[in-house]
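The values are calculated or read from the model by the stated rules, or taken from the named source; none is laboratory data. Computed from a prediction, not measured in an experiment: that's the story for all the values here. Every residue, glycine among them, receives a Cβ derived from its backbone with ideal geometry; neighbour counts consider all protein chains shown.
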Amino acid sequence: MKIGTAEVMRKIDKYSIEVLKIPSIVLMENAALKVIKNIDLENIHSFSIICGRGNNGGDGLAVARHLHVIGKDVGVFLLGGDQGLSGDSQINYNILLNMGVKIISVNNMEDINEMREYLEQADVIIDAIFGTGLNKNVEGIYSAAISVINESNSYILSIDIPSGLECNSGRVLGNSIRANKTVTFQLYKKGFLNYGVDKYTGAVVIEDIGIPKDAIHKFHENEYIMDKVFIKKSIIKRNKHGYKGDYGRVLIIAGSKGFTGASYIATQGSVRSGAGLVTLCCDEEVQPILSSKLVEAMTLSFDDKGRFKNVLKSSDCIAVGPGMGNNETTFQFVMDTLLNATCPIVIDADGLNVLKDKLHLLEQCKNKVIITPHLGEMSKLTGLSIEDIKQNRIEVAQKFAKKYGCIVLLKGYNTVITDGNKTVINPTGNSAMASGGMGDALTGIIASFVAQGYEPLKATSISAFIHGYTGEKLSKKMFCVNASQLLEELPYVIKELME
């Protein structure tokens with residue numbers, strides 16, 4: 001699914017109307033019909049529709065007309081009265097009047113109180129107050145109306161965006177509708193991706209209102225959300241004549257005393273997601289322990305410099321960092337890998353921590369580098385506060401990726417994956433997965449898919465989706481999901497997603 005900003009949507013609409021000559025009233029009618037499609041008309045009979053004076057309000061007026069025609073009980077409220085209606089809204093307003101539908105103007109608090117009585121009787125409230133163009137704080141009767149809507153016990157459906165949300169950032173502009181469902185058009189709105197916005201949007205449905213794909217491609221900014229269809233198309237089915245050499249050699253550099261779990265999980269992440277040959281390089285003190293546990297992977301010691309150099313040169317992907325500690329030894333391994341490897345590199349955990357103030361090494365690396373920071377690690381790398389990153393995750397990740405020529409996977413709700421030019425959002429995963437080792441598993445999975453021959457950005461994206469989807473699937477029957485359980489389920493989920 002494609003992601004869009006208010007500016008992108010404005011350009012697409014303008015091009016469709018002015019160049020392609022699609023009448024704007026046709027787009028409004030299509031939008032109204034798609035809203036109707038998302039209502040359980042068999043069981044819901046009474047509606048209150050709260051409209052603003054712009055085109056979002058026009059969508060609401062068109063919805064009111066269709067509901068009236070099929071015999072539903074419809075109360076229509078127009079905030080601010082009928083002066084200054086947009087052109088298409090005026091057309092739908094006049095049609096409703098000609099049909100004998102009463103439209104109640106809401107101009108003051110007395111009118112708000114009258115509206116409150118109607119809302120208490122409605123099965124569904126439809127929010128059509130503000131659209132994606134809102135850019136200033138909601139005040140006065142508009143804010144009062146939003147509060148009254150939120151206080152009702154009715155189901156709330158927002159058209160295109162909950163009124164009061166800023167389209168690009170998801171920021172609440174003074175006051176915002178808290179919808180149960182949002183029916184949005186053509187593109188998933190960028191602001192819906194940020195932390196906590198789901199409290200306002202409820203379930204989000206994206207509907208096509210008849211804008212040609214060419215118009216969308218012309219202005220879309222290369223930002224996407226993954227879904228199962230993308231994953232199914234992306235996972236390559238194996239040739240029946242394939243052997244282990246066809247599916248890549250992964251080197252995992254990880255683990256130290258007290259942190260054997262991180263290295264074990266990262267290694268198993270590569271094994272369980274299909275890498276042909278996996279080798280773990282770890283601290284000599286813990287190598288015997290890990291060697292006995294990793295029956296499908298090879299191990300070698302940090303001290304075995306000659307063998308390490310050979311494996312480094314022959315690998316198809318290298319992952320470095322989990323469970324190594326923030327120390328000089330870790331830094332030396334990260335630096336040696338960045339400067340001497342001949343394949344893509346995944347850096348996680350302590351591998352990232354030691355790069356603080358040494359980011360020039362990323363620019364010196366001749367291979368594609370994938371970094372997988374959580375918010376705290378990204379804060380250390382960029383010098384930005386965690387709160388600043390939370391509020392601007394996509395922009396921060398894109399800027400960093402472009403500056404250092406790497407791929408950034410910024411973990412968290414709606415994980416951001418970007419190379420600075422193309423950005424992919426992963427919607428899978430949930431809080432049942434909030435436990436130690438989950439990030440290590442993801443590191444191993446990414447390294448595996450890169451080694452299997454997937455383009456690095458696609459490998460990173462696929463891995464994030466599969467990792468989160470597996471956790472979601474397990475969480476349907478489990479209160480919490482740990483990394484070992486996820487690894488056990490992993491190959492079954494990959495097979496399911498392929499088919």
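Name every residue in segment 40-66 that is more than 18 Å from Gln90 (Cα to Cα) and touching a helix residue (DSSP H, G or I) at 6+ places or on another chain (Cβ under 8 Å), in order of residue number. Walk me through how you get there before you give the answer.
Initially, segment 40-66 is screened for residues more than 18 Å from Gln90 (Cα to Cα), giving 40-48.
Those that are more than 18 Å from Gln90 (Cα to Cα) and touching a helix residue (DSSP H, G or I) at 6+ places or on another chain (Cβ under 8 Å): Ser46, Phe47, Ser48.
Of the residues that sit in segment 344-389 and are of a type in the set (S, T, N, Q) and buried (at least 20 other Cβ atoms within 10 Å of the Cβ), which one is nearest to the chain's Cα centre (by Cα)? Write out each step before concluding.
Of all residues in segment 344-389, those of a type in the set (S, T, N, Q) come to 353, 364, 367, 372, 379, 382, 385.
Among the residues that remain, those that are also buried (at least 20 other Cβ atoms within 10 Å of the Cβ) are: 353, 372.
On the way: Asn353: 25, Thr372: 15 Å.
Per the criteria, the residue is Thr372.
From the list Val35, Val76, which one is crowded, with 18+ Cβ neighbours inside 10 Å, in a helix (DSSP H, G or I) and in the same structural domain as Ser163 (by TED's automatic domain parsing)? Can you show your working first?
On the way: Val76 fails: in a helix (DSSP H, G or I).
Result of the check over Val35, Val76: Val35.
Sort out which residues of segment 341-389 are assigned to a helix (DSSP H, G or I) and of a type in the set (D, E, K, R), and write them in order of number. Break it down into steps so the answer makes sense when it comes.
Keep residues of segment 341-389 that are assigned to a helix (DSSP H, G or I), which gives 350-353, 360-364, 375-382, 386-389.
Result: Asp350, Glu363, Glu377, Lys380, Glu387, Asp388.
For every residue, the table says whether it meets (1) surrounded by fewer than 19 Cβ atoms within 10 Å (Cβ to Cβ); (2) touching a helix residue (DSSP H, G or I) at 6+ places or on another chain (Cβ under 6 Å); (3) within 22 Å of Tyr413 (Cα to Cα).
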| position | (1), (2), (3) |
| --- | --- |
| Ala459 | no, yes, yes |
| Phe465 | no, yes, yes |
| Glu472 | yes, no, yes |
| Lys477 | yes, no, yes |
| Val481 | no, yes, yes |
| Ser484 | yes, no, yes |
| Lys495 | yes, no, no |
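Out of all the residues in segment 407-447, which are assigned to a helix (DSSP H, G or I) and not aliphatic (A, V, I, L, M)?
Keep residues of segment 407-447 that are assigned to a helix (DSSP H, G or I), which gives 431-433, 438-447.
Result: Ser431, Gly439, Asp440, Thr443, Gly444.
Which members of segment 79-111 meet the condition of being part of a loop (DSSP other than H, G, I, E, B), more than 20 Å from Ser143 (Cβ to Cβ) and not polar (S, T, N, Q)?
Asp82, Leu85, Met99, Gly100, Val101, Lys102
Based on this model, can you work out whether Ile265 counts as in the same structural domain as Asn482 (by TED's automatic domain parsing), β-branched (Val, Ile, Thr) and in contact (Cβ under 8 Å) with a residue 12 or more places away in the chain?
Numbers: in the same structural domain as Asn482 (by TED's automatic domain parsing): yes; β-branched (Val, Ile, Thr): yes; in contact (Cβ under 8 Å) with a residue 12 or more places away in the chain: yes.
Yes, satisfied.
I need the full set of residues from segment 120-145 which are among the polar types (S, T, N, Q) and touching a helix residue (DSSP H, G or I) at 6+ places or on another chain (Cβ under 7 Å), in order please.
Across segment 120-145, the qualifying residue is only Thr132.
Hey, any hits in segment 212-233 for a residue that's outside the structural domain of Val172 (by TED's automatic domain parsing), under 13 Å from Phe449 (Cα atoms) and of a type outside the set (Val, Ile, Thr)?
no
Which of the residues belonging to segment 91-120 are free of Cβ contacts under 8 Å to residues at least 24 places away in the same chain and not small (Gly, Ala, Ser)?
Of the residues in segment 91-120, the ones free of Cβ contacts under 8 Å to residues at least 24 places away in the same chain are 94, 97-98, 100, 110, 113-114, 117.
The answer is Asn94, Leu97, Asn98, Glu110, Asn113, Glu114, Glu117.
Only residues that are crowded, with 18+ Cβ neighbours inside 10 Å and not acidic (Asp, Glu): list them for segment 119-140, please. It would help to see each step written out before you state the result.
Here is the first cut: in segment 119-140, the residues crowded, with 18+ Cβ neighbours inside 10 Å are 119, 122, 124-132, 134, 138.
Hits for segment 119-140 are Leu119, Ala122, Val124, Ile125, Ile126, Ala128, Ile129, Phe130, Gly131, Thr132, Leu134, Val138.
Of all residues in segment 230-281, count the ones that are under 26 Å from Val424 (Cα atoms), surrounded by fewer than 17 Cβ atoms within 10 Å (Cβ to Cβ) and basic (Lys, Arg).
4
How many of the residues making up segment 294-308 are in contact with a Lys or Arg (Cβ under 8 Å, 6 or more places away or on another chain) and among the acidic types (Asp, Glu)? Break it down into steps so the answer makes sense when it comes.
Of the residues in segment 294-308, the ones in contact with a Lys or Arg (Cβ under 8 Å, 6 or more places away or on another chain) are 300.
Cutting the leftovers down to among the acidic types (Asp, Glu) gives us none.
Residues flagged as in contact with a Lys or Arg (Cβ under 8 Å, 6 or more places away or on another chain) and among the acidic types (Asp, Glu) within segment 294-308 amount to 0.
With the checklist (1) of a type in the set (Val, Ile, Thr); (2) in contact (Cβ under 8 Å) with a residue 40 or more places away in the chain; (3) over 21 Å from Asn150 (Cβ atoms) in hand, flag the one item Ile36 doesn't pass.
Every condition holds for Ile36 apart from (2).
Please count how many residues of segment 81-118 are polar (S, T, N, Q), surrounded by 15 or more Cβ atoms within 10 Å (Cβ to Cβ) and within 14 Å of Ala64 (Cβ to Cβ).
Of the residues in segment 81-118, 2 are polar (S, T, N, Q), surrounded by 15 or more Cβ atoms within 10 Å (Cβ to Cβ) and within 14 Å of Ala64 (Cβ to Cβ).
Can you name the residue in segment 170-204 that is aromatic (Phe, Trp, Tyr) and touching a residue at least 40 places away in the same chain (Cβ under 8 Å) and, of all such residues, is surrounded by the most Cβ atoms within 10 Å (Cβ to Cβ)? Write out each step before concluding.
Taking segment 170-204 as the starting set, the residues that turn out to be aromatic (Phe, Trp, Tyr) are 185, 188, 192, 195, 200.
Subset that is touching a residue at least 40 places away in the same chain (Cβ under 8 Å): 185, 188, 195.
Values: Phe185: 27, Tyr188: 19, Tyr195: 14.
Checking each candidate, the answer is Phe185.
Quickly run through segment 390-404 and pick out the residues that are surrounded by 15 or more Cβ atoms within 10 Å (Cβ to Cβ), at pLDDT 95 or above and over 15 Å from Ile3 (Cβ atoms).
If the condition is that a residue be surrounded by 15 or more Cβ atoms within 10 Å (Cβ to Cβ), at pLDDT 95 or above and over 15 Å from Ile3 (Cβ atoms), then Val396, Lys399, Phe400, Ala401, Tyr404 are the ones that fit.
May I ask you to list the residues in segment 448-460 that are assigned to a helix (DSSP H, G or I) and either farther than 22 Å from Thr267 by Cβ or touching a Cys at 6+ places or on another chain (Cβ under 9 Å) (or both)?
Going through segment 448-460, the residues assigned to a helix (DSSP H, G or I) turn out to be 448-451, 456-460.
Hits for segment 448-460 are Ser448, Phe449, Val450, Ala451, Pro456, Leu457, Lys458, Ala459.
Of the conditions (1) closer than 27 Å to Gly196 by Cβ; (2) free of Cβ contacts under 8 Å to residues at least 40 places away in the same chain; (3) out of contact with any strand residue (DSSP E or B) (no Cβ under 9 Å at 6 or more places or on another chain), Glu496 fails just one. Which one is it?
(1)
When segment 112-130 is examined, which residues are found to be among the aliphatic types (A, V, I, L, M) and not in a strand (DSSP E or B)? Full working, then the answer.
Restricting attention to segment 112-130, the residues satisfying the condition of being among the aliphatic types (A, V, I, L, M) are 112, 115, 119, 122, 124-126, 128-129.
Passing the criteria: Ile112, Met115, Leu119, Ala122, Ile129.
Filtering segment 215-231 down to residues that are of a type in the set (D, E, K, R) and at pLDDT 95 or above, which residue is nearest to Asn310 (Cα to Cα)? Step through it out loud before you land on a result.
Our first condition is that a residue be of a type in the set (D, E, K, R); within segment 215-231, this holds for 218, 221, 223, 227-228.
Now narrow it down to the ones that are at pLDDT 95 or above: 218, 223.
Working: Lys218: 48, Glu223: 39 Å.
So the residue we want is Glu223.
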